[in-house]
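Chemist: Please see the structure below; I have some questions.
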Amino acid sequence: MDYLLIIEWIVKAVVILLFCVTGFAYLTFYERRALARIQVRIGPNRAGPSGWLQPVADGIKLIFKEELIPAQAYKIVFILAPMVTVFPALVILAVIPWGTQIVVFGREIPLYLVDINVGVLYLVAIASISVYGIVMAGWSSNNKYAMMGGLRSSAQMISYELALGLALIGPILIAETMSLMGIVEAQKPIWFIVYQPLGAIIFFVASVAEVNRAPFDMPEAEQELTAGYHAEYSGMKFALFFMAEYVKMIAVCAIGATLFLGGFQGPFVDQVPILGPFYLFFKIMVLLFVLIWLRATLPRLRYDRLMAFGWKFLLPLALANVFLTAVVLVLIGG
């Protein structure tokens, strides 16, 4: 057994986890400052130089905040729900390629944790697990508002997962592989967003609904559900839900950049492979800004319209995109 390979896997896993945790903390800061600029406000600027220690202050506050469990809650499920929600968000990034490989002390180290030949299927499978944590949280709280948030979330996420999964078929058909590394390599001449503009739009809209972001934040609608499925959560349990949402934002942006925007591809990346992670990071930051921009500008949809949009518009459009992509590829191949 190659012990160096095991150490390499462990180091990469730790780096991915640190990236998720740090990214979650500073994505909240990024969002608050961006929203402030859009809304002509100042935003957080007190904790540390220009407010850069605000995420640290928020984390310390949540650690010391009192945690309450309702007397009539189903305690085991209530405690497990945040863990079930945050786990898929952390492990989904394991198959995202950040580059080709670099040489360290004479050893070639790939810039990804693992490259499996069913990487896209892995993404869809892991993403579908996160709905369970939200449903568990809503049911176990024994609160009608939390329960309604859990039901809304299950209906919404299952509905939009169909369109999301169909949007991924276009890049798979063009690249002729489900390996994310293979899909990125297939985008060397032209990014897939050029071939699949409709698929990219469908993926982005469905992923916004998947992570419960505005204007699809119905499971936690404050005006209707008093925060929805996490209404009874406080302290670190609430922080885990908060963390899961923001890590999932990073994950869907990383997936979108990988499938449609060339992933780590960019100028001189073949000569200098270490540039790959910086290119992918920049693309993720741009997509995250679009998510924040949507939150700042669009009002929340009415729930029946949200479901109708998913089933009557987005799903047929995704099916049409798959059909047209397959027809064009067959005609070109023929």
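Chemist: Calculate, for I79 and V194, the FRET efficiency according to 1/(1 + (r/R0)^6) with r their C-beta to C-beta distance and R0 45 Å; round to the nearest 0.05.
Modeler: Working: r = 47 Å, r/R0 = 1.05.
Calculated value: 0.40.
Chemist: May I ask you to list the lysines whose Cα is less than 29 Å away from that of K283, ignoring any residue fewer than eight positions away on the same chain?
Modeler: K12, K188, K248
Chemist: Give me W98, W191 sorted ascending by neighbouring Cβ count inside 10 Å, so fewest comes first.
Modeler: Starting with the residue having the fewest Cβ neighbours, the order is W191, W98.
Chemist: On to the next question. Taking only complete DSSP H runs, can you tell me which helices of the chain stretch 15 Å or more along their own long axis by Cα positions and average at least -1.0 on the Kyte-Doolittle scale? Write down the numbers at each step before the final one.
Modeler: On the way: long enough: 3-38 (50 Å, 1.37); 54-64 (16 Å, 0.79); 75-91 (25 Å, 2.16); 130-140 (16 Å, 1.09); 144-167 (34 Å, 0.46); 197-210 (19 Å, 1.85); 235-260 (38 Å, 1.51); 275-297 (34 Å, 1.82); 315-333 (27 Å, 2.43).
Membrane-span-like by this criterion, though nothing is claimed about a membrane: 3-38, 54-64, 75-91, 130-140, 144-167, 197-210, 235-260, 275-297, 315-333.
Chemist: Suppose every Lys and Arg Cβ carries +1 and every Asp and Glu Cβ carries -1, with no other charges. What dipole size does the chain come out with about its Cα centre, to the nearest 20 debye?
Modeler: Computed about the Cα centre, the dipole is about 900 debye.
Chemist: Please give the contour-minus-distance gain from W52 to Y26: 0.36 nm per residue of separation, less the Cα-Cα distance, rounded to one decimal in nm.
Modeler: Details: separation 26, 0.36 × 26 = 9.36 nm, distance 0.84 nm.
Stretched fully, the W52-Y26 segment lengthens by 8.5 nm.
Chemist: Something else now. Please arrange L324, L180 by counting, for each residue, the other beta carbons lying within 10 Å of its beta carbon, fewest first. Intermediate values should be presented prior to the final figure.
Modeler: Working: L324 13, L180 26.
In increasing order of surrounding Cβ atoms, one gets L324, L180.
Chemist: Another question about this same structure. I want to check the label-to-label distance for V118 and F323. Put each point 7 Å from Cα in the C-beta direction and report it in nm to one decimal.
Modeler: 2.9 nm
Chemist: Enumerate the lysines that K144 could reach by cross-link, defined here as Cα to Cα under 18 Å, with residues fewer than 8 away along the same chain left out.
Modeler: K144 reaches K75.
Chemist: When only DSSP loop residues count, what chymotrypsin sites (Phe, Trp or Tyr not before Pro) in the stretch 3-62 have their Cβ near at most 16 other Cβ atoms within 10 Å?
Modeler: Values: sites: Y3, W9, F19, F24, Y26, F29, Y30, W52; in loops: W52.
Those that pass, being in a loop and sparsely packed, are W52.
Chemist: Given bins 5 angstrom wide, list per bin the percent of all Cα-Cα distances in the stretch 1-125, short to long.
Modeler: 2, 8, 11, 14, 14, 13, 14, 12, 7, 3, 1, 0
Read-outs throughout are calculated quantities, based only on the coordinates presented, and are distinct from any laboratory measurement. These numbers come from a predicted model, not from an experiment. Here the Cβ is made from the backbone with ideal geometry for all residues, glycine too, and neighbour counts use every protein chain on show.
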